[in-house]
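In what follows, a structure is listed as structure tokens, so that the remarks can point back to it.
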Amino acid sequence: MKISIFSVATFLLATATAVMSAPLEEAMNMNQLDARAAATQTIMVYSNSNFGGFSEAITVTIGSCKGLPKAIRDNVESADHFGNYRCTFFRQSDCQGVSEANDGETIGTGDGGSMKVTRPYIKKMRILLRNHARSVRCRPL
């Protein structure tokens, strides 16, 4: 039986490629799972201003409209745990109508300067939305 160096090299290359592709495929699958996990944010909503009263955790898919659960709908006065997202609450269940968001505010830096930051909360909903929130949408800052 005659074996050439070319045949051995081809066999070794094919074996190495098969072994290396398995970890790569596994890493790609893990990255897809990480991306799905990162695509949601769990926020807290409260029935009273300043994070008081009844509270409920709501998981929001980033960029999508989420209807508020019946237990808290029309009874939200404050919200927090927005992470690095701008979350907007709406008066209608389809993320339309009057809205309230954790917009930016200017704060002093202590050295005479100031900087604009996005609040990770809403302490008190505006009067037009207070106790009338029916949906929420969060987007990256």
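Worth a mention:
- Cβ-derived FRET efficiency at R0 22 Å, SER47 paired with LEU141, nearest 0.05: 0.25
- Residue-span extension gain [MET115 to PHE54] - 0.36 nm each, minus C-alpha spacing: 18.6 nm
- Förster-model FRET efficiency, 35 Å R0, ILE127 and ASN84, C-beta, rounded to 0.05: 0.80
- Listed by Cβ neighbour count within 10 Å, with the fewest neighbours leading, ARG130, ARG139 appear as ARG139, ARG130.
- At full extension, THR40 and ALA71 could sit 9.1 nm farther apart than now, given 0.36 nm per residue minus the alpha carbon distance.
- PHE89, PHE82, PHE54 arranged by Cβ crowding within 10 Å, fewest neighbours leading: PHE54, PHE82, PHE89
None of the figures in this text is laboratory data; all of them are computed from the coordinates on show. Nothing here was measured: the structure is a model prediction, and the numbers come from that model. In this analysis, Cβ positions are derived from the backbone assuming ideal geometry, glycine residues included, and neighbour counts consider all displayed protein chains.
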